[in-house]
Amino acid sequence: MKKSSKNRLVLIDILRGSALVGMVVFHALFILDFYGIQNFDLFSGGWDVFGTIIRLTFLGLAGVSVGLSYERHNSRARIVKHGEVVLLAGLAITLATRLSVPGWFVRFGILHLIGVSILILSVVGRRPRTAFIMGIAVLIMTPVVASIRGSGIVGYSLGMAQSEAISSLDYFPLFPWFGFIALGMWLGHYLMRYLSTTPTTAPLPVRPLIFMGRHALMIYMTHVPLIIAAFIVLGILPLGSVIFTPENQPNGPTEEVPRELTISASNLSIPWEVAPLSNGELLVTERTGSLVKIDPTSQKRITIEGVHHSGEGGLLGLALHPNFENNHRIYLYLTTLTSEGTRNRVESYLFDGKNLSEQLTIIEGIPGSRFHDGGRIAFGPDGLLYITTGDAQNSANAQEINSLAGKILRLTDTGEVPTDNPFNNAVYSYGHRNPQGLAWDSTGRLWATEHGRSGVSSGFDELNKIEKGGNYGWPTIEGGAEAQGLITPAAHSGATTTWAPADALYYKGSIFFTGLRGESLYEAVINEAEGSVTEIKTHLVGQFGRLRGLALNQDETSLFITTSNTDGRGVAADQDDRLIKLPLAAIEGAIGK
């Protein structure tokens, strides 16, 4: 007897609805963290396990549904149509995120994965053993596929190593995730023997879950904008955090360039660090994975070949060896997706002006996440390499001496631990949330900028005076709070102001640092004898939006500054992102006075 299409497997609907509830909770917390309202360690510990369970359940049930559909209807056309609908829904999310968060938009997310997987499995038909073999094969082959270099949407969707790192809010490549869907289909073929499609007379408490399970696609498509809307209505998330207009984002970028400034490069892809060369050219890292060399006069640029990374990640910090003119070695900080999760590492290369070669891994295995990766590297006056690392969205990391996360590290130029490091490992200081700028004053004292709880409702961004072996308190203290054994910052933004400080440098009695959310160039005037901050000035307020990279040119007459408006958190103006040249003489009041 043919089963009615209206009769559903109630248990499957309940499980799918439960997975959606978990997904809504996880995404609600992610939104709060993404927009800086509240910090959550979502990609480590218990929350990471919770998220993984939700993802596996959701994908496994997608496969189960395909198997059940074949058993009930034996219609390939029906399966193909469903796959096309889901894939179109995924493409709609691509368009929506491309417009709203261009630096993080979804290229191949969970709906793309499910849609493509359904279309692939439509060929399998009522052959559960084939689905099982496919699923196991995909899981086994995942490490191999991830090690193969690929490019474009095909390589990205397969999960191959990318020639350019890509940041995305939602990434589910076919390897390994298709394997779980295929195994779900295999399971679905057999569930029909044991589960009933009796019309729903379920208890009242589970009926909402059944409803969600039956309307999973609609709920998935709408739950994120509905969560954001609910947070706005409740006053948790200010409208200006997600919709930028001249009225609610007064520091937005402007097309008008001040007369003293010049644009040395435009249309960069989330530039992160800039390093001037002795011939006047500049090396610039782009978070999307490219290292480019720029002539600031002609604006000619070339992409340097030879940067090696795998999976989703980013190219962040850049430093030249102190003896660069002779040994031609540069250092890069990369964020990558490995079989163990997101990890950061520092590599050294020989640079011949056009290509990189002789790769040397300086340090690897630094815990990473979507955010809070640190990423700044710089050589100090002692000739040693200093590396900032974020807490990887797990605040407990910052206080763990044996963890590389939430630290400032110090190593030799070949990756050895200096004999005078305070803990007999790479750690130089700890208790950091997300340090990003390093600068040494004329006395050799190290200063570092650090992101506090850089949200709408809080600030406490910091400028710290770094001591060897010092504990800078995260997550125990913030701002001006004090506790025994913990070091308070030399200056902080206060509870209601956000700098979101990035790169830093020293020049004539001042520590200059760029501000992302603060959309300014900050100047901390310091008393070098006392090691204190006497005043903080602001420059370029709102002129160019979010500012990140910062460097002093070779003759110390100008600053090079990069914008960061295409990273999904800013308002991209025409020709963003840009590299700006600012003559120091153009800063009102000169320097430090």
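Only the coordinates and a few stated rules stand behind these numbers; no lab work does. All of these numbers come straight from a predicted model, not from anything done at the bench. In this analysis, Cβ positions are derived from the backbone assuming ideal geometry, glycine residues included, and neighbour counts consider all displayed protein chains.
Observations
- Against the chain, whose longest principal axis is taken from its Cα atoms, helix 10-34 shows a tilt of about 10°.
- Using a simple spin-label model with pseudo-atoms 7 Å out from Cα toward Cβ, MET221 and GLU467 lie 5.9 nm apart.
- Karplus (6.51, -1.76, 1.60) ³J(HN,Hα), θ = phi - 60°, over region 578-587, in Hz, Gly and Pro reported as x: 10, 10, 9, 10, 10, x, 4, 5, 7, 7
- Rounded, prolate or oblate (a/c below 1.5 giving rounded, otherwise prolate when a/b exceeds b/c) for region 422-523 by Cα gyration tensor: oblate
- The simple spin-label model puts a point 7 Å past each Cα toward its Cβ; for LEU88 and ALA586 those points are separated by 5.1 nm.
- Percentage relative contact order, the chain, counting C-alpha pairs under 8 Å, at least six apart: 12
- Loop sites in region 357-435: chymotrypsin sites (Phe, Trp or Tyr not before Pro), DSSP, at most 16 other Cβ within 10 Å: PHE423
- Legend: calculated FRET efficiency, GLU260 to GLU340, from the Cβ-Cβ distance at R0 = 51 Å, rounded to 0.05, equals 0.55.
- Gyration tensor (alpha-carbon) shape descriptor, region 269-498, a/c threshold 1.5: prolate
- Under the convention that each Lys and Arg Cβ holds +1 and each Asp and Glu Cβ holds -1, the size of the dipole of the chain around its Cα centre is about 3720 debye.
- Tilt relative to the chain, helix 216-233 - C-alpha long axis, 0 to 90 degrees, to 10: 40
- Sparsely packed trypsin sites (Lys or Arg not before Pro) within region 384-480, loop by DSSP, other Cβ within 10 Å at most 15: LYS468
- One decimal place: the segment LEU277-VAL80 gains 65.3 nm when fully extended, by the rule 0.36 nm per residue minus the C-alpha distance.
- Around the Cα centre of region 10-240, unit charges on the Cβ atoms of Lys, Arg, Asp and Glu (plus for the first two, minus for the last two) sum to a dipole of about 900 debye.
- Relative to the longest principal axis of the Cα atoms of the chain, the long axis of helix 128-147 makes an angle of roughly 10 degrees.
- Sites THR534 and LEU95, calculated FRET efficiency, Cβ-Cβ separation with R0 41 Å, nearest 0.05: 0.20
- Rounded FRET efficiency, nearest 0.05, which uses the C-beta distance separating GLN399 from ASN424 and R0 of 22 Å: 0.80
- Full extension of the segment from ILE120 to GLN484, taken as 0.36 nm per residue of separation minus the current Cα-Cα distance, would add 125.0 nm.
- Full extension of the chain segment joining HIS73 with ALA495 gains 145.9 nm, where the gain is 0.36 nm per residue of separation less the Cα-Cα distance.
- In a reduced charge model with +1 at each Lys and Arg Cβ and -1 at each Asp and Glu Cβ, region 418-533 shows a dipole moment near 160 debye about its Cα centre.
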